[in-house]
Amino acid sequence: MNTIELAGVKVDNITLAEALAKLEGFLTEKSPHLIATPNPEMIVAAQEDEELFNILNNAHLRLPDGISMVVVSRILRTPLRERVTGIDFLLASVKLAAQKGWKIFLLGSAPGVAEAAAQNLITRYPSLLIAGTHHGFFKPADAPQIIAQIKKMQPDILFAGLGAGRQEKWLAAHLNELNVPVSVGVGGSFDVIAGIKQRAPGWIQALYIEWLYRLITEPQRWKRQLALPKFLYLTLIKSLL
């Protein structure tokens with residue numbers, strides 16, 4: 001498995017199938033592993049956040065979660081083979097978990113969302129083992145209680161939807177204490193799985209304008225969308241100047 005760098009952030013050049021194979025390998029090792037899903041917004045944020053920058057570069061696996069990352073990598077002639085989003089990896093991992101008997105834990109989103117997401121996943125995969133759920137609206141002082149709950153349930157995979165940056169920092173800070181074989185940051189995936197938000201239709205994703213769909217459906221995100229031109233400047237324009 002090789003990597004490329006985008007604005008100094010390492011991204012693994014990997015397909016979804018290969019990422020699932022890596023997941024299975026991590027689970028056999030038993031020791032804690034962190035899987036990150038860097039996207040343009042996270043890469044831009046990491047330029048001014050040394051802690052996040054180092055966490056991403058030291059994660060055990062970094063999935064290329066952004067079609068603009070794929071496009072830029074091709075222009076720079078270091079092509080990423082595939083976009084692997086956090087939600088696609090989550091859903092594929094859950095399907096495999098249901099087949100293998102792995103237990104999962106969902107941590108994140110607003111109260112009730114993780115539970116709804118878990119129920120929808122069980123509906124889709126009846127044999128899936130849910131070790132537990134907990135919302136993401138907790139204070140730092142609540143961390144010991146949440147960690148104790150996760151450790152007690154002994155999940156094989158911990159999916160954390162605490163928001164880009166926060167989830168990576170929280171998982172990295174508690175990775176060894178949690179002692180979960182695989183922890184994955186998945187952003188707002190629980191909201192989609194729970195049915196609260198909708199993903200862009202496939203044809204919009206195929207046209208590379210998912211960012212426009214999200215801007216139209218969630219106009220309050222406009223400031224976050226400014227990360228895309230910044231990402232293009234940092235990765236593409238600067239390299240061509």
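Only the coordinates and a few stated rules stand behind these numbers; no lab work does. Nothing here was measured: the structure is a model prediction, and the numbers come from that model. Reconstructed Cβ throughout: ideal geometry from the backbone, glycine too, with neighbour counts over all protein chains shown.
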* **Neighbour-count ranking [beta-carbon atoms within 10 angstrom, fewest first] of TYR125, TYR233** => TYR233, TYR125
* Asked: For the chain, what is the percent of antiparallel DSSP beta bridges, rounded to the nearest 5?
  -> 15
* Distance in nm between label sites at LYS10 and ASN179, each 7 Å beyond Cα in the beta-carbon direction? -> 2.7
* Structure fact -> Karplus-derived 3J(HN,Hα) from phi for region 29-37 (6.51 cos²θ - 1.76 cosθ + 1.60, θ = phi - 60°), whole Hz, x at Gly and Pro, runs 6, 6, 5, x, 10, 10, 10, 10, 10
* Asked: Fully extended, how many nm does the chain gain between GLU48 and ILE196 (0.36 nm per residue separation, minus their Cα-Cα distance)?
  -> 50.1 nm
* Euclidean distance of C-alpha centroids, region 108-186 and region 1-70, integer Å -> 19
* Which links in LYS103/LYS151; LYS139/LYS169; LYS22/LYS103; LYS10/LYS169; LYS10/LYS30; LYS139/LYS230 stretch past 21 Å when you go from one Cα to the other? -> LYS10/LYS30; LYS139/LYS230
* To do: Please give the FRET efficiency for TYR125 paired with GLU24, using the beta carbon to beta carbon distance and R0 = 22 Å, rounded to the nearest 0.05.
  => 0.85
* Asked: How do 94-107, 49-62 rank on mean C-beta neighbours within 10 Å, highest first?
  -> 94-107, 49-62
* Structure fact -> Under the 7 Å Cα-to-Cβ spin-label approximation, LEU232 and ARG74 lie apart by a distance in nanometres of 1.5
* Asked: Using r as the Cβ-Cβ distance of LYS169 and LYS100, and R0 as 41 Å, what FRET efficiency do you calculate, to the nearest 0.05?
  -> 0.90
* Structure fact -> Calculating Cα Rg over 2.2 N^0.38 Å from this structure picks out, from (1) 1.10; (2) 1.14; (3) 0.98, entry (3)
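Under the definition of Cα pairs under 8 Å and six or more residues apart, what whole-number percent is the relative contact order of the chain?
Reported relative contact order: 23 percent.
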